[in-house]
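The values are calculated or read from the model by the stated rules, or taken from the named source; none is laboratory data. These figures come from a predicted structure and were not determined experimentally. Cβ: placed from backbone, ideal geometry, glycine included. Neighbour counts: every protein chain shown. Note: areas computed on protein heavy atoms with side chains; ligands, DNA, RNA excluded. Shrake-Rupley method; radii C 1.70, N 1.55, O 1.52, S 1.80 Å.
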Amino acid sequence: MDYKKAGVDIEAGYKSVELMKEHIKKTMRPEVLTNIGGFSGAFSMEAFKNMEKPTLVSGTDGVGTKLKLAFILDKHDTIGIDCVAMCVNDIACAGGEPLFFLDYIACGKNEPEKIAMIVKGVAEGCQQSNAALIGGETAEMPGFYPEDEYDLAGFAVGVVDEKDLITGKNLQAGDVLIGIKSSGVHSNGFSLVRKVFDMTKESLNTYYEELQTTLGEALLAPTKIYVKALRGVKNAGVTIKACSHITGGGFYENVPRMLPEGKRAIINKNSYEVPAIFKMLASKGDIAEEMMYNTYNMGIGMIVAVKKEDTEKTLAAIKEAGEEAMIIGAVEDGETGVTLC
């Protein structure tokens, strides 16, 4: 008896690391002081010593049961983008600049080529957010996960000068809410998605005219990374007064998280077109509108609050960053929460 006969292939682990190195090296920043394969990753803070009060911000998350679709379609090259996005978007919400990322992959059987494809997506997400992929772990756990399945999670660290933290404490009535479009369902609510749609390869490969793609491609569309857009707004000289990443819990849970006591967000549901995938989901699953807005992003992945006079400058900066945004509401005095009308 040996470790391989017990189900853990150390040689496959070595091969996985070699295959992923080509993707990882594309994410390197000059602050990275270590090579992949060591026991830890080192990152220099020298470049940030001129900040008045350099403050670290962090985020950790996974992809959830969206992974089940990747298993069915045997498509693993974008799921890593989702993992990075869920972490770095939260960091950007606080005004932070992502610095580095670490991933954790747990699988039933280490298939080096599949692991390398997952890490390729992670590296792509890191490139989109300018974060270095400085380490990670691939754990082969036979008997714990089915051989053809895996879990994926990650952890990101960023930095912001304390004075530039986005806290929402200075929000005032009349401030404008700007929504930045999502790419679709992103990475939450898939337990409900999987109850509504038939989770077979045939069903997911079915083309729908209203989606302009197959159901599987629409659902697997990677989560938008908003780091560049928010950086662009800051570089345009606009102060983002509050920010909300619309993830699990939709509008009703996430929008109030950016509001101080005594301020209420009023959002106009008709200010933008809800993407077809959400309309299809609601119709086929007979899901009430309130539940949809309490679960999904409904086409808006990030909301920023700015002074009214900064509206046009903000919209222009987001467009320059390659994203689409629109005015979706405003802040009012009142009981803390959100009203969708």
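Taking only protein heavy atoms into account and a 1.4 Å probe, give the accessible area per residue of the range 1-143 in Å². Mind dumping the intermediate values first?
Numbers: 6830 Å² over 143 residues.
The answer is 48 Å² per residue.
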Inset, instruction - Under 1.5 on a/c is rounded, so check that first for the range 113-160, then, if it is not, pick prolate when a/b is larger than b/c and oblate when it is not; a ≥ b ≥ c are the square roots of the alpha carbon gyration tensor eigenvalues. - result: prolate
Inset, instruction - Could you work out the Kirkwood radius for the range 262-341, taking every pair of different alpha carbons, averaging 1/r and inverting it, reported in Å? - result: 14.2
Inset, instruction - Could you tell me how many degrees, from 0 to 90 and to the nearest 10, lie between the Cα long axis of helix 311-320 and the main elongation axis, the longest principal axis, of the Cα atoms of the chain? - result: 30
Legend entry - Of Lys49/Lys228; Lys21/Lys114; Lys228/Lys263; Lys181/Lys228, those spanning more than 20 Å from alpha-carbon to alpha-carbon: Lys49/Lys228; Lys228/Lys263
Legend entry - Inter-probe distance in nm under a simple model that places probes 7 Å from Cα toward Cβ, at Lys201 and Glu335: 5.2
Legend entry - Whether the range 41-87 is rounded, prolate or oblate, judged on the alpha carbon gyration tensor where a/c under 1.5 counts as rounded: prolate
Inset, instruction - Measure nothing but the geometry: give the 0 to 90° angle between the long axis through the Cα atoms of 112-129 and the longest principal axis through the Cα atoms of the chain, rounded to 10°. - result: 30
Legend entry - Pairs from Lys163/Lys319; Lys26/Lys66; Lys25/Lys66; Lys15/Lys120 whose Cα-Cα separation, in the structure shown, is over 22 Å: Lys163/Lys319; Lys26/Lys66; Lys25/Lys66
Legend entry - For Leu99, residues with placed amide H under 5 Å, excluding near neighbours: Val157, Gly158, Val159
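Show me the three semi-axes of the equivalent ellipsoid for the chain, from the C-alpha gyration tensor (sqrt of 5 times each eigenvalue), largest first, rounded to whole Å.
Ellipsoid semi-axes (Å, largest first): 35, 27, 15.
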Inset, instruction - Could you state the angle between the C-alpha long axis of helix 276-285 and the longest principal axis of the C-alpha atoms of the chain, as a value from 0 to 90 degrees rounded to the nearest 10? - result: 80
Inset, instruction - Treat every Asp and Glu Cβ in the chain as -1 and every Lys and Arg Cβ as +1, leave all other atoms uncharged, and give the resulting dipole magnitude about the Cα centre to the nearest 20 debye. - result: 500
Inset, instruction - Would you list which aspartates and glutamates come within 17 Å of Lys313, measuring only between C-alpha atoms, while excluding same-chain residues fewer than 8 positions from it? - result: Asp175, Glu323, Glu324
Inset, instruction - Starting from the Cα of Lys53, draw a straight line to each of the aspartates and glutamates and keep only those under 17 Å, dropping any in the same chain fewer than 8 residues away. - result: Glu97, Asp161, Glu162, Asp164
Legend entry - Highest to lowest packing among 88-96, 155-163, scored as the average C-beta count within 10 Å: 88-96, 155-163
Inset, instruction - Using 0.36 nm per residue of separation minus the Cα-Cα distance, give me the extension gain between Ser40 and Lys53 in nm, one decimal. - result: 2.1 nm
Inset, instruction - Would you mind putting 188-199, 233-244, 291-302, 37-48 in packing order, based on average other-beta-carbon counts within 10 Å, highest first? - result: 291-302, 233-244, 188-199, 37-48
Legend entry - Net charge, Glu97 excluded, C-beta distance under 12 Å - Lys, Arg +1, Asp, Glu -1: +1
